Amino acid sequence: MSANIVAFLYLVSGVCFILALRGLSNPESARLGNIFGISGMAIAVLTTLTISATTNILDGMLIILGITIGGGIGIYIARKIPMTAMPQLVAAFHSLVGLAAVLVAAAALYAPAAMGIGSPGNMHMSSLVEMGLGVTIGAITFTGSIVAFTKLQGLVSGSPLTFPKQHLINLLIGISLVLMIIAFSLTESHFIFWALTFTALLIGILIIIPIGGADMPVVISMLNSYSGWAAAGIGFTLGNTALIITGALVGSSGAILSYIMCKGMNRSFFNVILGGFGSDNNSVSSDTDENRPVKRGSAEDAAFIMKNAGSVIIVPGYGMAVAQAQHALREMVDELKKAGVSVSYAIHPVAGRMPGHMNVLLAEAQVPYDEVYELEDINSQFSQTDVTFVIGANDVTNPAAKTDPQSPIYGMPILDVERSGTVLFIKRSMASGYAGVQNELFFRDNTMMLFGDAKKMVENIVKSL
Amino acid sequence: MNKESIVNVIDAANVEAITLVSNLEHAGVLDVVDPFMFRLSIFILAIFIGYYVIWSVTPALHTPLMSVTNAISSVIIVGALLSVGANFIPGSAEASDIFYAKTFGFFALILASINIFGGFLVSHRMLAMYKKKV
């Protein structure tokens, strides 16, 4: 095939990927978009196979074997994974892209002729710079995503891990990375390449460990972005249009999601990245008076209140995901609807452990997506609502974000649940939320606390209805 | 014509062509753009496309967005395929280097395949769950 046709096909593949993302503007077109994505991938793979210099049977078998093993594992995981585990799955997948970028860069260094980028010891300096950047970002993505995965999976504690001089050490490692990329570009030394790779693997771990569990939506988005930039770096090295376009799309996608998540918490990107937020040492516990009276209620009370309400808004949070309460919740809503109550759902941008986490769980429980509203679309409704049912959310409802300039969450956009007639909170205990702030709302007269496991509590409410 | 004179003619033609091109460049008529600039243009424009396309994604689909972007970034598989197909050409590289490149490529191929099949399938699973009110 002529080089022009090959370049054209890679361009087509890139356009398919743009259409795949364009489809996500609504759920109906998204399914078609996914087909575009698969087509783009098929075009890229087939085009590459036709130009691959090999005519060797052994190579052909290796390729089939690799795709079969990987494809088999991928299909198995994608079928088995529960929707509540989606954040850790995405983190794990990011780590694979990062490692693949490192391996491809290494392969390009050892066999540049196969990629058409010169001969060993004689590569273009621009290729080497791109390769150095690609391998660095890829390695950071790899280990960073693994740390994020272990935190999300609960293999290690989700609380931030900080140590003295942390930022200084990270800064010095960062500077050494830049110097090594320059040295590598000038010398094409394999030793520097591997030193660069291992240093980048190390910094990937170090930059993620100080970031706490509930900041994971930002971390996952950021790693998403990194995996894109790594792919783009390799795309530059190989001169491959499909990779460059995809890398740019994914890179900007992750960056925008990080921005949306930071805005949802009213924190700067650097504040999140530098970490330490929500660790024990900065928890503000001025109001943690254990003896303050709260109104406790039972499942029967909650059922009675909601059944007699005209309208109910449900505010789900990470606690719902942990308790896997989404299906029971949908049953409860079905019962309420039968009793003539109008029900909608309100979702805060940073609810859960990744962007859109709550929406997926509700969709899994067959909640129609047009009953689910984003913060800015529903916030004005609370004042006309009889009952707000908060299940597993806390900080995102805390009025201190509006009233207390001293609070660590001051300025964060919150759901105005306190404006509704009655607020029902399902919580396991009076413990404060991730930000370490006590929620003033718990002590108000129109609030009723329902203590217990979210799923059991909702099931009991269903029984009482 | 014998071989030597053919070579001479070709050499002369080459010199003439090079002179011509350099004259044109000098006159600003023909300037050779580095392929890097071409790639950079694609890259920058794609970032802008990404910016506008991603802002139009509904927040309800942000999780599928992540799994789809993850799946498509596995197009890095093209690099893996090229590495697996690396050939030993005497004089251009050590045989052991080619062996390393093939090994790296093979593992990259497995990882990228996990991502491609897993990423698209899990996106499909998620997107199939989003239903409108009936």
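Within the stretch A:418-465, the set of residues being in a helix (DSSP H, G or I) and within 23 Å of A:His327 (Cβ to Cβ) comprises A:Ala454, A:Lys455, A:Lys456, A:Met457, A:Val458, A:Glu459, A:Asn460, A:Ile461, A:Val462, A:Lys463, A:Ser464. Would a scan of the stretch A:158-176 turn up a residue that is surrounded by fewer than 24 Cβ atoms within 10 Å (Cβ to Cβ), more than 21 Å from A:Gly356 (Cα to Cα), at pLDDT below 90 and facing chain B (nearest Cβ under 10 Å)? The answer is no, given that none of the residues of the stretch A:158-176 is surrounded by fewer than 24 Cβ atoms within 10 Å (Cβ to Cβ), more than 21 Å from A:Gly356 (Cα to Cα), at pLDDT below 90 and facing chain B (nearest Cβ under 10 Å). Does the stretch B:80-90 contain at least one residue that is part of a helix (DSSP H, G or I), within 7 Å of chain A (Cβ to nearest Cβ) and over 22 Å from the mean Cα position of the chain (by Cα)? No, the stretch B:80-90 contains no residue that is part of a helix (DSSP H, G or I), within 7 Å of chain A (Cβ to nearest Cβ) and over 22 Å from the mean Cα position of the chain (by Cα).
Residues checked against (1) hydrophobic (A, V, I, L, M, F, W, C); (2) at pLDDT below 90; (3) touching a strand residue (DSSP E or B) at 6+ places or on another chain (Cβ under 9 Å):
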position	(1), (2), (3)
A:Phe389	yes, no, yes
A:Asn394	no, yes, yes
A:Ile409	yes, yes, no
A:Glu418	no, yes, yes
A:Gln438	no, yes, no
A:Asn446	no, yes, yes
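The set of residues in the stretch B:101-123 that are farther than 22 Å from A:Asn34 by Cα, surrounded by fewer than 24 Cβ atoms within 10 Å (Cβ to Cβ) and at the interface with another protein chain (Cβ under 7 Å from one of its Cβ atoms) comprises B:Phe106, B:Phe107. Within the stretch A:365-388, identify whether any single residue is within 22 Å of the chain's Cα centre (by Cα), under 12 Å from A:Pro316 (Cα atoms) and part of a loop (DSSP other than H, G, I, E, B), and answer yes or no. No: zero hits. Given (1) buried (at least 19 other Cβ atoms within 10 Å of the Cβ); (2) on the phi > 0 side of the Ramachandran plot, identify the lone condition not met by A:Ala400. Looking at each condition in turn, A:Ala400 falls short on (2). Of all the criteria given as (1) in contact (Cβ under 8 Å) with a residue 40 or more places away in the chain; (2) of a type in the set (A, V, I, L, M, F, W, C); (3) buried (at least 23 other Cβ atoms within 10 Å of the Cβ); (4) under 27 Å from A:Val12 (Cα atoms), the one not satisfied by A:Ile51 is (3). Within the stretch A:221-262, the set of residues being more than 7 Å from chain B (Cβ to nearest Cβ), of a type in the set (Val, Ile, Thr) and under 20 Å from A:Val102 (Cβ atoms) comprises A:Thr237 only. Scanning the stretch A:111-122 for residues that are in contact (Cβ under 8 Å) with a residue 60 or more places away in the chain and either closer than 15 Å to A:Phe236 by Cα or in a helix (DSSP H, G or I) (or both) gives A:Ala114, A:Met115, A:Gly116, A:Ile117.
Being under 18 Å from the mean Cα position of the chain (by Cα), touching a residue at least 40 places away in the same chain (Cβ under 8 Å) and closer than 14 Å to B:Ile77 by Cα narrows it down to one residue among A:Ala242, A:Ala214, A:Ala230; which is it? Just one listed residue meets the conditions, A:Ala230.
The values are calculated or read from the model by the stated rules, or taken from the named source; none is laboratory data. Keep in mind that what you see is a predicted model, and the values were worked out from it rather than measured. In this analysis, Cβ positions are derived from the backbone assuming ideal geometry, glycine residues included, and neighbour counts consider all displayed protein chains.
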